[in-house]
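Colleague: Sending over a structure as structure tokens; questions will come in a sec.
The values are calculated or read from the model by the stated rules, or taken from the named source; none is laboratory data. In this text the structure is predicted, and so the values were computed from the model without any measurement. Heads up, the Cβs are rebuilt from the backbone with ideal geometry, glycines too, and the neighbour counts pull from every protein chain shown.
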Amino acid sequence: MDITTQRWRTLRNVRVVDILRTIGDLVERGYAVHIGTDAQKATRYTDFVVVACLLSPERRGHRVFYTRLRKRRMSLHQKLFWEAWLSTEFALRLCEVGSVESHDRVQVHIDVNPVAIHKSSRYLEQLAGLVVGQGFPVVYKPEAWAASRAADHAVKGKHWKTPEVRG
């Protein structure tokens, strides 16, 4: 599955026709790329949301793009692996087509907490190794805001709710 052919949108639900070109244009303007994925389990399936967050250090501006995928329900280990792999796969695709010229221009955020009381901590080394093995810098909680904040926001549909509804 080529993640770049999925339907990509902004948080305001505007369709992004060519995500690779859109990100490439922003990178040329100095934006930094941060990629993260989060998932939410439902009864029979797991929804995954991959986000590409682009930050401009000069203007402190940002852009967030996301796509949604659905897979069968799975264990915590499988879910964390898929989250890390989907982010890494998208980062690889960005570099492969030239949207980003080098691996160190992209940070991959993984939704894993290093604190031992959290179940995800058992998989930190394995998942960080997956990302670093592909040549990308890895960021994990609490600094992994692209996965733990932006993707979480999108997978739970919080960007659809108006301030009055959030209450």
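Colleague: Considering each residue of region 8-51, count those that are touching a residue at least 40 places away in the same chain (Cβ under 8 Å), surrounded by 11 or more Cβ atoms within 10 Å (Cβ to Cβ) and either of a type in the set (D, E, K, R) or assigned to a strand (DSSP E or B) (or both), and give that number.
Modeller: 19
Colleague: Right, next: Specify the residue that is farthest from the chain's Cα centre (by Cα); the eligible residues are those in region 98-128 that are over 17 Å from His34 (Cα atoms) and surrounded by 13 or more Cβ atoms within 10 Å (Cβ to Cβ).
Modeller: Selected residue: Arg122.
Colleague: Further, regarding this structure: Go over the candidates Glu58, Glu89 one by one and state the one that is modelled with pLDDT under 90, among the acidic types (Asp, Glu) and closer than 18 Å to Ile23 by Cβ.
Modeller: Glu58
Colleague: Answer with yes or no whether Leu54 is crowded, with 18+ Cβ neighbours inside 10 Å, in contact with a strand residue (DSSP E or B) (Cβ under 6 Å, 6 or more places away or on another chain) and touching a residue at least 12 places away in the same chain (Cβ under 8 Å).
Modeller: It is true that Leu54 is crowded, with 18+ Cβ neighbours inside 10 Å, in contact with a strand residue (DSSP E or B) (Cβ under 6 Å, 6 or more places away or on another chain) and touching a residue at least 12 places away in the same chain (Cβ under 8 Å).
Colleague: Restricting to region 57-79, count the residues that are of a type in the set (Lys, Arg), crowded, with 16+ Cβ neighbours inside 10 Å and touching a helix residue (DSSP H, G or I) at 6+ places or on another chain (Cβ under 8 Å).
Modeller: Number of matching residues: 1.
Colleague: Is it true that Ala147 is surrounded by 19 or more Cβ atoms within 10 Å (Cβ to Cβ) and at pLDDT below 80?
Modeller: yes
Colleague: Give me the pairs: first residue in region 103-131 and part of a strand (DSSP E or B), second residue charged (D, E, K, R), beta-carbon distance under 8 Å, and six or more apart or on different chains, which are they?
Modeller: Listed by first residue and then by second, the contacts come to His109/Glu143; Ile110/Glu83.
Colleague: (1) farther than 19 Å from Ala147 by Cα; (2) in contact with a Lys or Arg (Cβ under 7 Å, 6 or more places away or on another chain); (3) modelled with pLDDT under 85: which one isn't true of Arg9, the others all being true?
Modeller: Among (1) farther than 19 Å from Ala147 by Cα; (2) in contact with a Lys or Arg (Cβ under 7 Å, 6 or more places away or on another chain); (3) modelled with pLDDT under 85, Arg9 violates only (1).
Colleague: Any idea how many residues of region 132-143 are touching a strand residue (DSSP E or B) at 6+ places or on another chain (Cβ under 6 Å), surrounded by fewer than 19 Cβ atoms within 10 Å (Cβ to Cβ) and not in a loop (DSSP other than H, G, I, E, B)?
Modeller: Matching residues across region 132-143 total 1.
Colleague: For region 63-100, what are the residues that are without any contact (Cβ under 8 Å) to a residue 24 or more places away in the chain and either farther than 18 Å from Gly133 by Cα or not in a helix (DSSP H, G or I) (or both)?
Modeller: Ser75, Gln78
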